[in-house]
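Heads up: the structure comes next, in structure tokens.
The values are calculated or read from the model by the stated rules, or taken from the named source; none is laboratory data. As the structure is a computational prediction, the values presented were derived from the model and not from experiment. We place every Cβ from the backbone using ideal geometry, glycine too, and count neighbours over all the protein chains shown.
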Amino acid sequence: MHPLGEPMQHLQLLARMAKALGVDLTEAFHRGEISAEDWAEMITSCCGCDGPEGCKRWLDAQERAGGAVPAGLPLGQCCNAARLLHLREGSP
């Protein structure tokens, strides 16, 4: 097990991944699709991930491409990908 990463950096990484997938986490929270505990769990999961550099590279490539992420595209190594995709599809 490795030490947890810096929470603010992982919050930003999670926000970038959500944005790349067309998910507004703040709006999902306000609609009751995620709780404060869910949000904290996603950040903690990201902090404990072994592959944040892979996510950063994947996100950088997606941002350079400038388009929405297609439904079937692999999401790098994101440990929150499944949850974010569920939110995008409208199921928590």
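Quick notes on this structure:
- Residue that is surrounded by the fewest Cβ atoms within 10 Å (Cβ to Cβ), among those in the range 19-49 that are among the hydroxyl-bearing types (Ser, Thr, Tyr) and either modelled with pLDDT under 90 or not in a loop (DSSP other than H, G, I, E, B) (or both): Thr26
- Residue under evaluation Trp58, criteria (1) crowded, with 20+ Cβ neighbours inside 10 Å; (2) part of a loop (DSSP other than H, G, I, E, B), criterion not met: (2)
- Residues satisfying the stated conditions in the range 54-92, i.e. in contact with an Asp or Glu (Cβ under 9 Å, 6 or more places away or on another chain) and modelled with pLDDT under 85: Ala71, Gln77, Gly90, Ser91, Pro92
- Contact annotation: no residue pair with Cβ atoms under 8 Å, 6 or more positions apart or on different chains, pairs a residue in the range 51-65 that is without any contact (Cβ under 8 Å) to a residue 12 or more places away in the chain with a partner that is part of a helix (DSSP H, G or I) and among the polar types (S, T, N, Q).
- Of all residue pairs spaced 6 or more apart or on separate chains, those with beta-carbon atoms under 9 Å, a first member in the range 23-36 that is aliphatic (A, V, I, L, M) and a second member that is in a loop (DSSP other than H, G, I, E, B) are Leu25/Ile34; Ala28/Ile34; Ala28/Pro92; Ile34/Pro92.
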